[in-house]
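**Q** Please see the structure below; I have some questions.
Read-outs: derived from the displayed coordinates by stated rules, not from any lab. All of these numbers come straight from a predicted model, not from anything done at the bench. Cβ coordinates were reconstructed from backbone atoms using ideal geometry, including for glycine residues, and neighbour counts include every protein chain displayed.
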Amino acid sequence: MLFEDRRDAGRALAKKLSAYANDPDSIVLALPRGGVPVAYEVAKALNLPLDIFIVRKLGVPGHEEMAMGAIASGGTRVLNREVVSQIGISREHIEVVADRELRELERRERAYRDGSPSPQIKGRRVILVDDGLATGASMRAAVQALRQLAPEEIVVAVPVAAPQTCDEFRDIVESIICAVTPEPFYAVGLWYRDFSQTTDEEVQALLADARALHPSHEGSTEEG
């Protein structure tokens, strides 16, 4: 199965999530940038508010496509100890990469939120959406960070995933929805006709549209 693009994938994924439609205690959170067009269609179809949860991969120096971990909103850092040990990455190298990615994470928070507060997560069902799962490092970081905000339930939802990665999430979230789990998998982008990079401007436009549809959902993540 090939998706035309991320929005087409989002419409397909939404059909798998129909049980959550119109639920006042649920919110859709997208992992920018690629997860936003997918999540926009999910939120629109389910009549749920949409927001973002930013995660940045920590790439191995010199081999940035390989993840040695990830960081997420709220300061959570997840390291792949096996990769770090196997390649012999020093703590200094990890800190350099983490600092650089933290600056980009903070830039995106400012750009995408446009002054809007972070959403209230405590006691809600969070439907966490990305455009696919390969290793799952970024999504794991997002799940660990969200746990600190005390949601009632976390549902991870993606249009396509490596079968093994999809199965691994069954142990760390309440529900995992992978619309398609092809074997062999190879890479997320192979299952989209158009997998061109999502731009900051597209993210901003989709979030602004979503906020206009659900202006009342915003609220601080802080207690009290």
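**Q** Tell me the mean residue ellipticity at 222 nm calculated for the chain from its helices only (DSSP H runs of n ≥ 4, each -39500 (n - 2.57), averaged over every residue, nearest 500).
**A** That comes out to -11500 deg cm²/dmol.
**Q** Now a separate question. For residue 122 paired with residue 152, estimate the spin-label separation in nm (one decimal), with each label point 7 Å from Cα along the Cα-to-Cβ line.
**A** 1.5 nm
**Q** Also, I was wondering about something else. Highest first, please rank the peptides 113-120, 11-18, 28-35, 85-92 by the mean number of other Cβ atoms sitting within 10 Å of their residues.
**A** 28-35, 11-18, 113-120, 85-92
**Q** Modelling each spin label as a point 7 Å along the Cα-to-Cβ direction, I'd like the residue 172/residue 91 distance in nm, to one decimal.
**A** 2.4 nm
**Q** Please state the Cα pair-distance histogram of the chain with 10 angstrom bins from zero: what percent is in each bin?
**A** Each 10 Å bin holds this share of Cα pairs: 8, 35, 38, 17, 2.
**Q** While we're on this one: For residue 102, what is the net charge nearby, where nearby means another residue's Cβ is under 15 Å from its Cβ and Lys, Arg count +1, Asp, Glu -1?
**A** Result for the local shell: +2.
**Q** Starting with the highest mean, order 165-176, 45-56, 70-81, 128-139 by the number of other Cβ atoms within 10 Å, averaged over the residues of each peptide.
**A** Highest-to-lowest ranking by the protection proxy: 128-139, 45-56, 70-81, 165-176.
**Q** Could I ask something else about it? Given H placed on each backbone N at 1.01 Å, which residues far from residue 179 in sequence or on other chains put an amide H within less than 5 Å of it?
**A** 158, 160
**Q** Summing +1 for each Lys or Arg and -1 for each Asp or Glu, what net charge is found among the other residues whose Cβ lies under 10 Å from the Cβ of residue 179?
**A** Neighbourhood net charge equals +2.
**Q** Under the classification rounded if a/c is under 1.5, otherwise prolate if a/b is larger than b/c and oblate if not, where does the stretch 49-182 fall, given a ≥ b ≥ c as square roots of the Cα gyration tensor eigenvalues?
**A** Oblate.
**Q** Any chance you could check the Cα centroid distance between the stretch 162-213 and the stretch 66-94 for me, in angstrom?
**A** One Cα centre to the other: 22 Å.
**Q** To the nearest 20 Debye, how big is the dipole of the stretch 79-121 about its Cα centre, given +1 on the beta carbon of each Lys and Arg and -1 on that of each Asp and Glu?
**A** 100 debye
**Q** To check you understand DSSP bridge types, tell me what percent of the beta bridges within the stretch 1-160 (both residues inside) are antiparallel, rounded to 5.
**A** The antiparallel fraction comes to roughly 45 percent.
**Q** In nm, what is the difference between 0.36 nm times the number of residues separating residue 204 and residue 15 and their Cα-Cα distance?
**A** Gain in length upon complete extension: 65.5 nm.
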